[in-house]
Amino acid sequence: MTKSILLAAALGAAAMTVSACDSGAPAANTETVQTEEAVEEPAGPQIMEVLASREDMGTLTQLLQQANLGPALEGAADVTLLAPTDEAFEKVEPSTLEFLSDPANAGTLRNVLGFHLLRSTMTAEALGASIDGGSQAEATMTTSNNYRLTARRNDDGDIVIVDENGNEARLVATDLEAVNGIVHVVDTVLMPPSG
């Protein structure tokens, strides 16, 4: 930036000198105005920062870091993360969680975590409108790894996300905003279909 200002000043001085030397005419009063466009960093937290600020997201945050998905998630834009709580991970079969936590199974872990990521920002209100406006009172969503999830309302009227195995994850906190998307906290870990 300093080089740009110096270059603009030098060019302005050179222009004044050339015009002053031209045919003995008095130097024109030229003024160089340097404007800068400020490049602003987006205001607010990234999705990973939203997760880190919550006490109930320790397991998810750890697994995202273990799968090396933190940087990818921070680089993503306009996504929706269905974030399972620590209690949701406690409901997973211990042998399954141990398998996913093994570094040798990082690909499977990335697949499970990617199953909780949608490629667009969807607020709870928009999701509810999609469910309520549908002919079958449900909405279908595609995950970042091209699996299908179904959203519908349970008997209490709460929005639940259903995976292809029939597991239901209830939205327990919604619309946690981040500069690169939105987070909905869910009470169950969803699993991609096996096989």
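None of the figures in this text is laboratory data; all of them are computed from the coordinates on show. Since this is a predicted model, take the numbers as computed values, not measurements. Every residue, glycine among them, receives a Cβ derived from its backbone with ideal geometry; neighbour counts consider all protein chains shown.
Among the residues of region 102-122, write down those that are assigned to a helix (DSSP H, G or I) and surrounded by fewer than 16 Cβ atoms within 10 Å (Cβ to Cβ). Before the answer, list the steps.
Filtering region 102-122 down to residues assigned to a helix (DSSP H, G or I) leaves 103-114.
Correct list: Pro103, Ala104, Asn105, Ala106, Gly107, Thr108.
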*Mind checking which residues of region 58-74 are under 16 Å from the mean Cα position of the chain (by Cα) and either on the phi > 0 side of the Ramachandran plot or in contact (Cβ under 8 Å) with a residue 12 or more places away in the chain (or both)?*
Leu60, Thr61, Leu64, Asn68, Leu69, Gly70, Leu73, Glu74
_If a residue must be over 30 Å from Asp175 (Cβ atoms) and of a type in the set (A, V, I, L, M), how many such residues does region 94-118 contain?_
2
*All positions within region 97-133 that are within 18 Å of Asn167 (Cβ to Cβ) and in contact with a helix residue (DSSP H, G or I) (Cβ under 9 Å, 6 or more places away or on another chain)*: Leu97, Phe99, Leu100, Thr108, Leu109, Val112, Leu113, His116, Leu117
*Do you know which residues across region 141-179 are assigned to a strand (DSSP E or B) and in contact with a helix residue (DSSP H, G or I) (Cβ under 7 Å, 6 or more places away or on another chain)?*
Thr143, Ala151, Arg152, Arg153, Ile159, Leu171, Thr174, Asp175, Leu176, Ala178
*Just checking, how many residues over region 75-99 are without any contact (Cβ under 8 Å) to a residue 40 or more places away in the chain and either under 14 Å from Val186 (Cα atoms) or surrounded by 12 or more Cβ atoms within 10 Å (Cβ to Cβ) (or both)?*
5
*Hey, can you tell me all the residues within region 113-155 that are touching a Lys or Arg at 6+ places or on another chain (Cβ under 7 Å) and charged (D, E, K, R)?*
Glu138
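Look at region 39-57 and say how many of its residues are hydrophobic (A, V, I, L, M, F, W, C) and either within 22 Å of Asn167 (Cβ to Cβ) or touching a residue at least 40 places away in the same chain (Cβ under 8 Å) (or both).
As a first pass, look at region 39-57 and keep what is hydrophobic (A, V, I, L, M, F, W, C): 39, 43, 47-48, 50-52, 57.
Narrowing the set further to residues that are either within 22 Å of Asn167 (Cβ to Cβ) or touching a residue at least 40 places away in the same chain (Cβ under 8 Å) (or both) leaves 43, 47, 50-51, 57.
Going through region 39-57 one residue at a time, the tally reaches 5.
Can you name the residue in region 120-147 that is under 19 Å from the mean Cα position of the chain (by Cα) and not hydroxyl-bearing (Ser, Thr, Tyr) and is also nearest to Leu109 (Cα to Cα) among such residues?
Quick first cut of region 120-147, residues under 19 Å from the mean Cα position of the chain (by Cα) only: 120-127, 141-147.
Adding the requirement that they be not hydroxyl-bearing (Ser, Thr, Tyr) leaves 122, 124-127, 141, 145-146.
Values: Met122: 24, Ala124: 26, Glu125: 30, Ala126: 29, Leu127: 26, Met141: 21, Asn145: 12, Asn146: 16 Å.
Across region 120-147, the extreme among qualifying residues is Asn145.
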*Determine, yes or no, whether Val162 is closer than 21 Å to Leu60 by Cα and under 21 Å from the mean Cα position of the chain (by Cα).*
no
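Condition first: touching a residue at least 40 places away in the same chain (Cβ under 8 Å), on the phi > 0 side of the Ramachandran plot and surrounded by fewer than 18 Cβ atoms within 10 Å (Cβ to Cβ). Now tell me which residues in region 152-190 satisfy that.
Asp175
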